[in-house]
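Since the structure comes first, as structure tokens, the remarks are kept for the end.
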Number of protein chains: 2
Amino acid sequence: MTHLPEIIAQAASRISAFDEVAAKSAEDRQNQLTKPAGSLGELESLSIQLAGITGQAIPKVFKTHVLVFAGDHGVAAAHAVSAFPQEVTAQMVYNFARGGAVINAITASVGAGLTVIDVGVASDLDAAIPVLHKKVGYGTKDWTVQPAMTVDETVSAFDAGYTTAMDVINTAPEHKFVVVLGEMGIGNTTSASALTAALLGVEPEDVVGRGTGVDYAGLQRKVAVIKLGLTRVGRGLDAFSLLQELGGFEIAAMVGAMFALAGSRCPIVLDGVISTAAGLVAAGMDPKIGRYFIAGHQSTEAAHRLQLEGLRLKPVVSLGLRLGEASGGALALPILQAAAAVLRNVATFAEAGVSDKETGEQVE
Amino acid sequence: MTHLPEIIAQAASRISAFDEVAAKSAEDRQNQLTKPAGSLGELESLSIQLAGITGQAIPKVFKTHVLVFAGDHGVAAAHAVSAFPQEVTAQMVYNFARGGAVINAITASVGAGLTVIDVGVASDLDAAIPVLHKKVGYGTKDWTVQPAMTVDETVSAFDAGYTTAMDVINTAPEHKFVVVLGEMGIGNTTSASALTAALLGVEPEDVVGRGTGVDYAGLQRKVAVIKLGLTRVGRGLDAFSLLQELGGFEIAAMVGAMFALAGSRCPIVLDGVISTAAGLVAAGMDPKIGRYFIAGHQSTEAAHRLQLEGLRLKPVVSLGLRLGEASGGALALPILQAAAAVLRNVATFAEAGVSDKETGEQVE
């Protein structure tokens, strides 16, 4: 397929190019602040990127939010590609809802909002728990033998992510949101690795890792399963079709959220391999989106380094994480806030009356 | 000299060993939390270290604070080892006092307290500005020709740092503080590099960097100056004597603060090369202190990697910073808070009723 479904084409039409003028203005200001030029390294680069994304030469205080999309994978139900049984997806959604998971602790600690969305958990969840119930299906199909999702399901999952992100943005339209996109789905590193191999044109062996902890035999099964999927779909498919064939409900939802955020000039923080696979899909569907991405962290999962290289992103932190749930991305949020705060609040040499390096004279 | 001055020996007597029992308890708990064991990487290690430092198996919510000690260096006044004139030290203290510097923006952003202390600025500062006035001297002596400080001055600067840190700790005795130690002092990378070369037994060429931005000729001058200093003091001096011979008021004050913090079981976050040179001195004076250190970040300054290897520390973030002012260390604070929050707030598999990996059975 070469045309994007109408709803996606509409979402794409809202996306503007990165604001090079705002970014240049931010860069110029960084060079006037009371510090040696360049001495804040990537904190300066991040502040400049935030300016270009938001279109604000001096980025205003922004709100932070984390979206965790949950979905199950037919490929995990059919093949033993995860160290954990599929029921854990639903159990972890309940854990999120009770506030007991890692991402609950981290979002509370860094002061970010958190919304958990069921877009494809394989079982019915209690309607009363505080998650958004936007289930598109009860897990995907086993993509070694058939498409993971129909086109309609893929569009519905995209729309679930899109509307969720728009609803967050609309809670405070006067602010920009910086949003981390994460997920929960037993077996979804296998789908993410398959997508990554297809989109980057690399071998399954290069993008397969131990996920949440499979052993060596499990690793071999993941490679074999991915080869089956890649052989089935063949070459030459576009990013949307690959998403439909090999993706997952939560991956499609993250892609939808990315379109919403980029269309609203909001920075998108990627998490680990599944989140970044969604990023590869979204950038494949609309290359403008790539400039809205910030790599929250470097995962230890094998595919992640290749994914970040493919997207030309440098991770904010590198702490050896491989959990998912948006945990690594959320840890980057205070650093992004600090980067913007420096640009916003630090005095220039002229303002502070501090001597300039070049002349050695006090600037008045 | 082989005996520490009495005031320092007393401070050392308060320092307990790292609490291995609390650390082991934290490690055991990490392995029961609802995530694959080890999947939070260094966030887990940090939480375990926080437990061992504080003696709290589950670290309580802690307060964060940043101390920036300012002092001038005779070696900078006598030799052109900095890209900036010496007056900038005082000018930057005024900038801190007005809230216009990078560390003001970062501490406000991460929610940390900030105290700036004049221990050795070369000029009189306005007594009305909101900094602690604990000046020991008007800059150190040029250590290429004589000791940077007298023993009495070194002890006084140590005491200034010690009492400052104790006063911070005593503002909330019911809490632990995690404190970042930073500095401002034109030319102080040269003193820090000299101390590092002497303490680690490496060549000046290996520990000299561009500081705030000297050119190639400046780099050569720094190397030559350090060689003069090292030749003058000779080999075999203990850490305290090296501090007195080659250090600075702000470096001695940071050492004093380290003794206070370790003696109160408070984690000490190091910043860049000057802060970490103080760490090498403190650990040289009392090896127990080394376990209380957390390397906030990896500086781009050449000596820093060797210093961290010498202290066996792994930096929390690596963002290409080379500013000082505690800026890199302060960026690590939200990650330390998140590390503790995970240990404190995440449910265990048993508590959450999430299936265990090994058995695949739901744990009740």
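Tabulated data
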quantity	calculated
Sparse-neighbour loop sites [trypsin sites (Lys or Arg not before Pro); the stretch A:1-58; at most 13 other C-beta within 10 Å; DSSP]	A:14
Using a 7 Å Cα-to-Cβ projection, residue A:38 label spacings across copies, nm, ascending	4.0
Listed residues A:327, A:25, A:156, most fluctuating in chain A (Gaussian network, C-alpha, under 10 Å)	A:25
For residue A:231, label point 7 Å along C-beta direction: distances to other copies, nm	7.3
Label distances, nm, residue B:216 versus same residue in remaining copies, Cβ-directed 7 Å point	5.2
Overall Cα dimensions of the stretch B:59-122 - principal axes, largest extent first, Å	48, 24, 17
Surrounding net charge for residue A:129, when Lys and Arg each add one and Asp and Glu each subtract one, Cβ distance under 11 Å	-1
Electrostatic dipole magnitude of the protein assembly as shown [Cβ: Lys, Arg +1; Asp, Glu -1; Cα centre; debye, to 20]	220 debye
In the A-B interface, the accessible area buried, summed over both sides, Å² (probe 1.4 Å)	4300 Å²
Extreme residue, positive dipole direction of the stretch A:1-131, given options A:90, A:45, A:129 (C-beta unit charges)	A:45
Cα centroid of the stretch B:227-289 to Cα centroid of the stretch A:255-325, whole Å	42 Å
Distance between modelled label sites at residue B:203 and residue B:170, nm, 7 Å Cα→Cβ extension	4.9 nm
Stokes-Einstein D in µm²/s, Kirkwood radius over Cα pairs - the stretch A:82-161 at 25 °C with 0.890 mPa s viscosity	175 µm²/s
The stretch A:159-243: trypsin sites (Lys or Arg not before Pro) in DSSP coil with no more than 16 other Cβ atoms inside 10 Å	A:235
Kirkwood Rh (inverse of mean 1/r, distinct Cα pairs), the stretch A:288-359, angstrom	14.6 Å
Cα-Cα separations in the protein assembly as shown greater than 46 Å, expressed as whole percent	24 percent
Alpha carbon convex hull of chain A, projected area averaged over orientations, nm²	18.0 nm²
Where the protein assembly as shown is the region considered: accessible area per residue in Å², 1.4 Å probe	34 Å²
The stretch A:49-142: trypsin sites (Lys or Arg not before Pro) in DSSP coil with no more than 14 other Cβ atoms inside 10 Å	A:60
Chain A: calculated mean residue ellipticity at 222 nm from DSSP helix runs of at least 4, using -39500 (n - 2.57)	-15500 deg cm²/dmol
Average other protein chain Cβ within 10 Å of Cβ, residues A:335-347	6
Surface share of carbon and sulfur [accessible, 1.4 angstrom probe, percent] for chain B	51 percent
Rotational relation B to A, axis-closest Cβ in chain B, residue and distance rounded to whole Å	B:334, 2
Around residue B:114: net Lys/Arg minus Asp/Glu count, Cβ-Cβ under 15 Å	-3
Accessible-area order (highest first, 1.4 angstrom probe) of the listed residues A:237, B:323, B:33	A:237, B:323, B:33
Residues with amide H under 5 Å from that of residue B:347, placed H, sequence gap 5 or more	A:101, B:34
In Å, descending, principal axis extents of the Cα set of the stretch B:5-94	58, 37, 23
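The values are calculated or read from the model by the stated rules, or taken from the named source; none is laboratory data. Please read these numbers as outputs of a predicted model, since none were measured by experiment. Note that each Cβ is placed from the backbone with ideal geometry, even for glycine, and that neighbours are counted across all protein chains shown. Accessible surface is based on the protein model in full, side chains and every heavy atom, while ligands, DNA and RNA are left aside. Shrake-Rupley method; radii C 1.70, N 1.55, O 1.52, S 1.80 Å.
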